[in-house]
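The values are calculated or read from the model by the stated rules, or taken from the named source; none is laboratory data. Because the structure is predicted, anything quoted here is derived from the model rather than measured. Neighbour counts run over all protein chains shown; Cβ positions are idealised from the backbone, glycine included.
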Amino acid sequence: MWLFFTFLFAFFLAIVNYIDEYLTANNAVLSSADIHTKAGGLIIVSTLFTVFGALVAWFFADKVFIASFPLLLALLSGVPMVALWAGYFYLLNIYPVYQVIPLFQMSSIWLLIIELLAGGSITLVALTGVLILIVGAYLLDAGTLKWQVPTTLLLLMIPVSLCWTITLFLIKLASNAGAGTVAITFWQFVGIATVGVTLFIAVRKYRRGFLFRVRHQGKNFLGFSLLNEGSGQAGYYSGNVAVSLAPLATYFSALGGLQSILLLVIFYFFPQKPLTINALQVVAIFMIAVGIFFLEGWKYV
């Protein structure tokens with residue numbers, strides 16, 4: 001069942017990534033503005049719109065008031081999530097989204113290390129699946145056997161992917177403490193929105209970037225942002241369910257390569273810029289499928 005929710009997560013987040021690329025490229029902020037102002041508008045709107053997700057979670061949850069420990073973990077998970085979004089939006093101002101997203105696979109390595117240190121275990125077959133997925137995601141992105149990921153991007157993705165790792169690990173801990181997924185999602189959204197309000201008040205350039213886009217791109221910016229956040233929150237809820245059901249959060253993270261595949265498919269049919277895929281990338285897609293089989297499918301053969 002966790003595999004099904006992981007597919008949902010990858011689908012919704014691929015839509016989010018596609019819209020993020022559009023919103024980044026079609027930024028009305030003055031060209032003279034620095035990168036903080038340009039990224040700030042998307043950071044603020046993404047964090048503030050989680051209020052709508054929190055309201056939906058409140059409506060559907062059997063109960064949102066849970067024990068203090070998992071509640072605290074869920075709230076705290078919002079902090080690295082906002083840091084993740086901030087790093088992501090900064091990178092989109094420099095690199096195309098389909099080059100950034102596959103490198104989130106680095107989170108699988110971080111998670112594996114953390115969970116093994118915390119006493120978890122992993123089978124050799126599953127570990128092989130994780131490694132195949134990581135290599136497949138890289139080849140899908142690079143399109144060549146030569147090392148072509150820019151060093152700067154790779155270095156920047158180390159802390160960004162660690163933020164995603166910490167988020168997933170906190171969600172897994174909250175789930176293991178007995179909290180329901182909807183309640184965890186509610187408090188995570190509350191944590192994210194709280195950080196968003198704080199950033200809006202405290203960071204002038206973020207506030208300026210957000211208000212500029214609202215004034216000059218009102219319907220376009222807010223409309224696509226609302227669609228984006230709806231897809232994103234559906235994706236993050238699906239991800240939280242998948243993490244809570246998966247034997248290890250590493251398994252869920254390793255399947256992030258699916259997101260890269262779906263994103264490339266969307267760009268192929270609805271291109272924002274020229275996009276090509278070569279034979280090696282087709283092989284990479286099959287590698288990711290094999291990795292998925294090693295993680296879960298082999299149990300049912």
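The residues on offer are ALA83, ALA14, ALA39, and the sole one that is of a type in the set (Gly, Ala, Ser), in contact (Cβ under 8 Å) with a residue 24 or more places away in the chain and surrounded by fewer than 23 Cβ atoms within 10 Å (Cβ to Cβ) is ALA83. As for the range 188-205, it holds at least one residue that is crowded, with 17+ Cβ neighbours inside 10 Å and within 16 Å of SER238 (Cα to Cα). Restricting attention to the range 113-129, does a residue exist that is within 19 Å of the chain's Cα centre (by Cα), in contact (Cβ under 8 Å) with a residue 12 or more places away in the chain and crowded, with 21+ Cβ neighbours inside 10 Å? No: zero hits. Among residues of the range 47-62 being of a type in the set (Gly, Ala, Ser) and assigned to a helix (DSSP H, G or I), the one that is farthest from VAL197 (Cα to Cα) is ALA57. Looking only at residues in the range 175-186 that are crowded, with 24+ Cβ neighbours inside 10 Å and farther than 10 Å from ILE66 by Cα, the one that is farthest from the chain's Cα centre (by Cα) is PHE186. Scanning the range 128-144 for residues that are among the hydroxyl-bearing types (Ser, Thr, Tyr) and not in a helix (DSSP H, G or I) gives a single hit, THR144.
Pairs are defined by a Cβ separation below 6 Å, a sequence spacing of at least 6 or placement on different chains, a first member in the range 205-224 that is under 14 Å from ALA39 (Cβ atoms), and a second member that is modelled with pLDDT under 90 and of a type outside the set (D, E, K, R); the pairs so defined are GLY209/VAL29; PHE212/VAL29; ARG213/ALA28; ARG213/PHE221. Of the residues making up the range 81-127, those that are modelled with pLDDT under 80, outside any helix (DSSP H, G or I) and within 26 Å of ILE285 (Cβ to Cβ) are ILE122, THR123. If you go through the range 276-297 and pick out every residue that is exposed (fewer than 13 other Cβ atoms within 10 Å of the Cβ) and modelled with pLDDT under 75, you end up with 1. Against the test of being more than 24 Å from PHE186 (Cβ to Cβ) and either modelled with pLDDT of 85 or more or surrounded by 19 or more Cβ atoms within 10 Å (Cβ to Cβ) (or both), the options THR47, THR24, THR6 yield a single qualifying residue, THR24.
In this structure, GLY196 does satisfy being in contact (Cβ under 8 Å) with a residue 12 or more places away in the chain, over 30 Å from LEU131 (Cβ atoms) and assigned to a helix (DSSP H, G or I).
What number of residues within the range 63-80 are part of a helix (DSSP H, G or I) and either in contact with a strand residue (DSSP E or B) (Cβ under 9 Å, 6 or more places away or on another chain) or among the aliphatic types (A, V, I, L, M) (or both)?
Number of matching residues: 7.
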